[in-house]
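One structure is given below, encoded as structure tokens.
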Amino acid sequence: MLKESIIKQLNDHINLEYYSSNLYLQMSAWCEVKGLEGCASFLSAHAREELGHMHRMFKYVHETGALPVIGEIKAPPTKFNSISDLFTKVFDHECLITGRINEILSHAIEAGDHSTAAFLQWFATEQHEEEHVFHQILDKIKIIGEEGSGVFFIDRAIGGMVKH
Ligand code: OFO
């Protein structure tokens, strides 16, 4: 059985993963409306991945005999100034997720909860990969530049990063 404080942290995180999925899906809609099909398909694929993270944690909590709780999920923003503004927000959001995973992981280790610590290692590795991918995207945007037809090439480059 998990410690109450760890159940609370895991449930908060379930909701945050849900929010991440909604955030990226909403961002994909902004891209779609702007004609950025590559970015839209990358972000909607990423939204599905985040939903997978939510389900992974949800399942872990109920497997321990605790109750996973889906709370209120706040609405994501709908407007962005540019592609770089949007992906900077994605990168910042991923850094926030990494911070939260690290907090829960540290708490699990301090509490001697090795099962939760082992479970969270997968998320820590995943966050490392995600931060790397979004950093690469920000680098690409900087190198190509958003002036003139730059947006077209950025969209094509990001669309080419969709995992199949
Ligand atoms: Fe991209 O964050 Fe989930 O874990």
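I'd like the carbon and sulfur percentage of the solvent accessible area for the chain, probe radius 1.4 Å, heavy atoms only, ligands and nucleic acids excluded.
Solvent-exposed carbon and sulfur of the chain make up 57 percent of the total.
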Among 7, 114, 102, flag the residue with its Cα farthest along the positive direction of the charge dipole of the chain, charges on Cβ as +1 for Lys/Arg and -1 for Asp/Glu. 7
Given the DSSP H assignment, sum -39500 (n - 2.57) over each helix run of at least 4 residues in the chain and divide by its residue total; what's the result at 222 nm in deg cm²/dmol, nearest 500? -27500 deg cm²/dmol
Setting aside same-chain residues fewer than 8 positions from residue 8, which lysines have a Cα under 19 Å from its Cα? 59, 74
Cysteines (scope the chain) whose Cβ has no counterpart Cys Cβ under 4.7 Å: 95
Please work out the average accessible area per residue across the chain, using the 1.4 Å probe convention, and give it in Å². 53
Debye, to nearest 20: dipole size of the chain, +1 on Lys, Arg Cβ, -1 on Asp, Glu Cβ: 260
Over the chain: Kirkwood hydrodynamic radius from C-alpha pairwise inverse distances, Å: 16.7
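Quick one, what does Rg over Rh come out to for region 8-101 if you take C-alpha atoms and the Kirkwood Rh?
1.02
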So what is the relative contact order of region 11-132, in percent, for Cα pairs below 8 Å that sit 6 or more residues apart? 26
May I ask for the distance between the Cα centers of region 53-101 and region 125-139, given as a whole number of Å? 15
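Please compute the length gained on full extension between residue 140 and residue 161, using 0.36 nm multiplied by the number of residues separating them and subtracting their Cα-Cα distance.
6.4 nm
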Too long for a 26 Å Cα-Cα cut-off, among 3/163; 89/163; 34/140, are 3/163
List the GluC sites (Glu not before Pro) within region 58-144 that fall in a DSSP loop (any state other than H, G, I, E or B) and whose Cβ has at most 12 other Cβ atoms within 10 Å. 72
So, with points 7 Å from each Cα along the Cβ direction, the residue 63-residue 129 label distance in nm works out to 1.8
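The values are calculated or read from the model by the stated rules, or taken from the named source; none is laboratory data. Keep in mind the model is a prediction, meaning the values are calculated, not measured. Note: ideal-geometry Cβ built from the backbone for every residue, glycine included; neighbour counts use all protein chains shown. Note: areas computed on protein heavy atoms with side chains; ligands, DNA, RNA excluded. Shrake-Rupley method; radii C 1.70, N 1.55, O 1.52, S 1.80 Å.
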